[in-house]
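Below: one structure, written as structure tokens.
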Amino acid sequence: SAPALAPQASPLATLTVSGKQFERDSYTNITDGIIKHMSRKLHQQKGHPLYLIKECIKSYFYKKYIGRTGNPVFSVYDNQDPIVTTYQNFDSLLVPRNHVSRQKSDSYYLNSQYMLRAHTTAHQSDLISSGLDNFLIIGDVYRRDTVDSTHYPVFHQCDAVRLQTQHELFPEEYGLHVFEKRPDRRTDDKQAEHTVDAVRILSFQLKSTLQDLAKALFGADVEYRWVEAYFPFTHPSWELEIKHNGEWLELLGCGIMEHTIVKKAGAGDRIGWAFGLGLERVAMRVYDIPDIRLFWSTDSAFLNQFAVDDPFTPIKYKAVSVYPRCINDISFWIPPERDFSQNDFFDVVRSVGGDIIEEVSLVDQFVHPKKKLTSHCYRITYRHMERTLTKNEVNEVHVEIGRRATEMLGITVRV
Ligand code: FA5
Ligand code: MG
């Protein structure tokens with residue numbers, strides 16, 4: 001057997017992200033390409049479409065909920081560190097230990113303790129603990145996902161929380177209560193601690209707030225519908241869908257906050273609602289932006305179209321021009337002895353090709369009858385947003401993808 005090697009402090013054992021050091025372990029799967037996106041902060045860049053949508057949502061909430069002296073009730077947190085603990089992202093929100101969303105194949109991990117937030121909800125319980133009752137959280141979120149015109153591994157979310165006391169919800173003379181005297185039974189309609197009355201009035205408030213937000217963003221005639229949903233951190237829960245190009249598009253998830261979370265964060269005398277919405281989904285529809293990669297463009301021909309002061313200025317994106325795409329297939333044998341997830345391959349494609357990758361899709365797979373090996377064939381669509389790619393340039397990237405996938409994933413390219 002091989003002689004045991006003394007453990008060495010190699011530079012590869014640690015990872016530096018945003019000036020902080022992290023010990024690598026078997027969970028580490030963050031890529032340089034992803035790390036580069038962390039400094040962009042698109043939602044804080046004045047005149048960026050995501051910044052404009054953020055400003056519209058803030059303005060809507062500032063006007064909708066006003067305090068005794070005319071002050072806005074909601075406060076806004078748009079500068080929270082996207083590096084969070086797995087406790088913040090999952091445990092604090094009652095996501096079960098074995099839930100699929102915790103898998104390495106779905107999120108970007110620095111190591112087994114730290115990750116890039118997969119939703120802005122990761123900050124919810126800390127902000128409640130700090131004493132806040134009404135707040136918005138806006139930020140970049142990171143997920144390992146499919147590659148196409150509406151999915152990108154980095155996107156942006158806006159979360160909201162509104163907590164209310166018995167006194168705020170039901171003035172004395174109503175004779176109604178927020179909490180059951182003794183916890184009742186949990187049903188499809190409510191949690192054990194809450195009364196039917198409280199949930200009814202809160203869900204009405206939540207839904208009308210969000211319907212009016214949709215109208216403020218998309219116009220009064222927007223078609224919408226409510227769909228029942230499930231989240232570990234709210235019950236009951238819903239999703240709001242809007243009609244977009246003749247199809248229903250999921251805009252946000254929401255619900256009545258789990259009392260266990262609220263109580264643990266020190267606000268056990270309150271009942272709350274929360275929601276989480278995708279900013280790109282809103283912006284693509286408001287401005288007719290056809291491809292999610294455009295948000296990352298630094299081209300002035302794109303950015304100048306959004307250089308306005310009033311976030312409610314009507315704008316329709318005009319494509320500067322559309323450059324041709326180039327399609328190339330790659331087929332390979334999957335190593336039988338290793339875990340292979342499609343997201344691993346998508347990450348390799350993205351980290352080699354960057355933003356000239358428009359789409360990656362599995363077009364064929366089969367098992368070799370004798371060798372018992374699985375073959376996958378992926379079709380990679382290349383397109384530059386701002387110029388025509390040459391055949392040579394694409395071929396070089398395509399070959400490099402094969403080489404890197406061989407090296408990193410142990411696949412064997414078929415020729
Ligand atoms: C969540 O992330 C929950 N945290 C939302 C929530 C918060 C529910 C608070 C209840 C209370 P979900 O994964 O469905 O849920 O994402 C929320 C929204 O983000 C979606 O409705 C969608 O608008 C947007 N979104 C999700 N995945 C993507 C994606 N890959 N690309 C662009 N937008 C996305
Ligand atoms: Mg969803």
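Structure values in brief
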| item | result |
| --- | --- |
| Within segment 147-188, considering residues that are among the hydroxyl-bearing types (Ser, Thr, Tyr) and under 16 Å from Arg281 (Cα atoms), the one nearest to the chain's Cα centre (by Cα) | Tyr152 |
| Residue within segment 113-123 that is among the basic types (Lys, Arg) and touching a helix residue (DSSP H, G or I) at 6+ places or on another chain (Cβ under 8 Å) present | yes |
| Residue in segment 315-327 that is closer than 21 Å to Ile380 by Cβ, aromatic (Phe, Trp, Tyr) and modelled with pLDDT of 95 or more present | no |
| Residue in segment 119-135 that is farthest from ligand 1 (Cβ to nearest atom), counting only those that are surrounded by fewer than 18 Cβ atoms within 10 Å (Cβ to Cβ) and more than 14 Å from Val84 (Cα to Cα) | Gly131 |
| Some residue of segment 248-258 being part of a strand (DSSP E or B), away from ligand 2 (no atom under 14 Å from the Cβ) and in contact (Cβ under 8 Å) with a residue 60 or more places away in the chain | yes |
| Condition met for Ile53 (at pLDDT 95 or above and either of a type in the set (Lys, Arg) or touching a strand residue (DSSP E or B) at 6+ places or on another chain (Cβ under 7 Å) (or both)) | no |
| Residue that is away from ligand 1 (no atom under 12 Å from the Cβ) and not hydroxyl-bearing (Ser, Thr, Tyr), where the choices are Arg186, Arg143 | Arg186 |
| Filtered residues of segment 220-247 (kept if part of a loop (DSSP other than H, G, I, E, B) and either within 12 Å of ligand 2 (Cβ to nearest atom) or modelled with pLDDT under 95 (or both)) | Asn245, Gly246 |
| Filter result for Pro236 (surrounded by fewer than 16 Cβ atoms within 10 Å (Cβ to Cβ), in contact (Cβ under 8 Å) with a residue 12 or more places away in the chain and within 12 Å of ligand 1 (Cβ to nearest atom)) | no |
| Matching residues in segment 194-216 - criterion: being within 27 Å of Tyr62 (Cβ to Cβ) and either within 20 Å of the chain's Cα centre (by Cα) or among the polar types (S, T, N, Q) (or both) | Ser203, Gln205, Ser208, Thr209, Leu210, Gln211, Leu213, Ala214 |
| Hey, Arg102 of a type in the set (D, E, K, R), touching a Pro at 6+ places or on another chain (Cβ under 9 Å) and closer than 18 Å to Val161 by Cα or not | no |
| Search result, residues across segment 90-104 that are surrounded by fewer than 17 Cβ atoms within 10 Å (Cβ to Cβ) and either in a helix (DSSP H, G or I) or within 15 Å of the chain's Cα centre (by Cα) (or both) | Asp91, Val100, Ser101 |
| Enumeration of residues in segment 239-269 that are more than 24 Å from the chain's Cα centre (by Cα) and either buried (at least 22 other Cβ atoms within 10 Å of the Cβ) or under 23 Å from His43 (Cα atoms) (or both) | Ala267 |
| Neighbours by Cβ (under 7 Å, 6+ apart or cross-chain): first from segment 98-109, within 17 Å of Ile83 (Cα to Cα); second assigned to a loop (DSSP other than H, G, I, E, B) and of a type in the set (Phe, Trp, Tyr) | Arg102/Phe90; Lys104/Tyr27; Tyr109/Tyr27 |
| Residue within segment 263-274 that is within 16 Å of ligand 2 (Cβ to nearest atom), at pLDDT 95 or above and farther than 20 Å from Val95 by Cα present | no |
| Residues within segment 260-287 that are within 9 Å of ligand 1 (Cβ to nearest atom) and under 15 Å from Asp133 (Cβ atoms), tallied | 2 |
| Filter pass, Thr150 being modelled with pLDDT under 95, surrounded by fewer than 21 Cβ atoms within 10 Å (Cβ to Cβ) and in contact with a helix residue (DSSP H, G or I) (Cβ under 6 Å, 6 or more places away or on another chain) | yes |
| Count of segment 153-166 residues which are away from ligand 2 (no atom under 16 Å from the Cβ) and either farther than 30 Å from Ala198 by Cα or free of Cβ contacts under 8 Å to residues at least 40 places away in the same chain (or both) | 2 |
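Residue by residue, here is whether (1) outside any loop (DSSP other than H, G, I, E, B); (2) in contact with a Phe, Trp or Tyr (Cβ under 6 Å, 6 or more places away or on another chain); (3) among the aliphatic types (A, V, I, L, M); (4) crowded, with 18+ Cβ neighbours inside 10 Å holds:
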position	(1), (2), (3), (4)
Ile330	yes, yes, yes, yes
Phe346	yes, no, no, yes
Arg350	yes, no, no, yes
Ser361	yes, no, no, no
Phe366	yes, no, no, no
His398	yes, no, no, yes
Thr406	yes, no, no, no
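Residues checked against (1) closer than 30 Å to Ala301 by Cα; (2) touching a residue at least 40 places away in the same chain (Cβ under 8 Å):
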{"site": "Pro311", "(1), (2)": "yes, yes"}
{"site": "Ile327", "(1), (2)": "yes, yes"}
{"site": "Ile330", "(1), (2)": "no, yes"}
{"site": "Ile334", "(1), (2)": "no, yes"}
{"site": "Ser341", "(1), (2)": "no, yes"}
{"site": "Phe345", "(1), (2)": "no, yes"}
{"site": "Glu396", "(1), (2)": "yes, no"}
{"site": "Glu400", "(1), (2)": "no, yes"}
{"site": "Thr412", "(1), (2)": "no, yes"}
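The values are calculated or read from the model by the stated rules, or taken from the named source; none is laboratory data. As the structure is a prediction and not an experimental result, all values here were calculated from the model. Virtual Cβ from ideal backbone geometry, glycine too; neighbours counted across all protein chains shown.
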